[in-house]
Amino acid sequence: MNYKAVSWSSVDFFGNWKALHYKAKRSFENVLISLEVEQDTLNIFLINDTFETKSGLLTTKIITFLGDIVWENSQEIIVKSDSSAIKQRINLSGVLFNKNQVFIVSKFQEAESIFYLVKPKKLELPLKAIQKDVVKTDEGFIITLSSKTFQKDVFLFCNETGHFSDNYFNLLPHERKQVVFKTKATELVDLQIISLNDF
């Protein structure tokens, strides 16, 4: 008799990371950006779980899925150690855009957060191909990805045993993303790339 059940594991039978494992890894970083909307105000929180005070430029942009910047702001901030506080407030009522066709990206030092103003099923994600360039190295392959449009939840997979340096991520319009795939394989002919835009 065969039994089937839903698995909560974040690695597969061969030890390869699933999408959950990459997502969980990012969720436990020491410095995080969190966004929330309260009525017409976007609140941007900085969480610093380190024992050091952080300072630098906090940049926030509202961008269409085609890469057009609708609104942007940058300001120098200080984030105290072991703290969580609102560092930026944006009044959205004065900004003209289609909520279904934009994303909000905030960056501070190495931390980055992407936020949507509607549920994923209501996002009008464009159907455009992801361009890839694969280069062989001594330890595996370097995969460079790019797209003319925003690609949500990009996932790479293949039949070869190995480890992707990053996976299940968002690819911003006109930006290049490099992923290292460490493997003993000598070829990578079956590499596949999907995103939520495909569904």
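The values are calculated or read from the model by the stated rules, or taken from the named source; none is laboratory data. In this text, all values refer to a predicted model and were calculated from it rather than measured experimentally. Note that each Cβ is placed from the backbone with ideal geometry, even for glycine, and that neighbours are counted across all protein chains shown. Just so you know, the surface numbers come from the protein's heavy atoms only, side chains and all, with ligands and any DNA or RNA stripped out. Shrake-Rupley method; radii C 1.70, N 1.55, O 1.52, S 1.80 Å.
Okay, here's what the table says:
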read-out: Span from the region 47-62 Cα centroid across to the region 115-178 one, whole angstrom; value: 25 Å
read-out: The chain, helix-only ellipticity at 222 nm - DSSP H runs n ≥ 4, -39,500 (n - 2.57), divided by all residues, nearest 500; value: -1500 deg cm²/dmol
read-out: Counted charge near Ala185, where neighbours are those whose Cβ lies closer than 15 Å (Asp, Glu -1; Lys, Arg +1); value: -2
read-out: Hydrodynamic radius of region 28-136 per Kirkwood, over alpha carbon pairs, in Å; value: 15.4 Å
read-out: Where trypsin sites (Lys or Arg not before Pro) fall in DSSP loop in region 20-126, at most 13 other Cβ within 10 Å; value: Lys80
read-out: Per DSSP, loop GluC sites (Glu not before Pro) in region 29-107 with at most 15 further Cβ within 10 Å; value: Glu29, Glu52
read-out: Expected-Rg normalisation [2.2 N^0.38 Å, Cα atoms] applied to region 84-125; value: 1.34
read-out: Listed residues Val95, Val70, Val179 arranged by accessible area, highest first, probe 1.4 Å; value: Val70, Val95, Val179
read-out: Inter-label distance for Trp71 and Ser93, nm, one decimal - labels placed 7 Å from Cα along Cα-to-Cβ; value: 1.2 nm
read-out: P(r) tail fraction, region 38-95 - alpha-carbon pairs more than 20 Å apart, %; value: 36 percent
read-out: Debye log10 I(q)/I(0) at q = 0.11, 0.20 Å⁻¹ for region 88-198, Cα point scatterers; value: -0.43, -1.10
read-out: Partner lysines for Lys148 [C-alpha distance under 26 Å; skip if fewer than 8 residues away on the same chain]; value: Lys23, Lys61, Lys99, Lys107, Lys119, Lys121, Lys122, Lys128, Lys132, Lys136, Lys177
read-out: Semi-axis lengths, Å, the chain, gyration tensor of Cα atoms, sqrt of 5 times eigenvalues; value: 32, 21, 18
read-out: Cα pair count fraction exceeding 13 Å, expressed as % - region 107-151; value: 72 percent
read-out: Accessible-area composition of the chain, carbon plus sulfur, in percent [1.4 Å probe]; value: 50 percent
read-out: Alpha-carbon Debye profile of region 141-198, log10 I(q)/I(0) at 0.25, 0.29 Å⁻¹; value: -1.05, -1.28
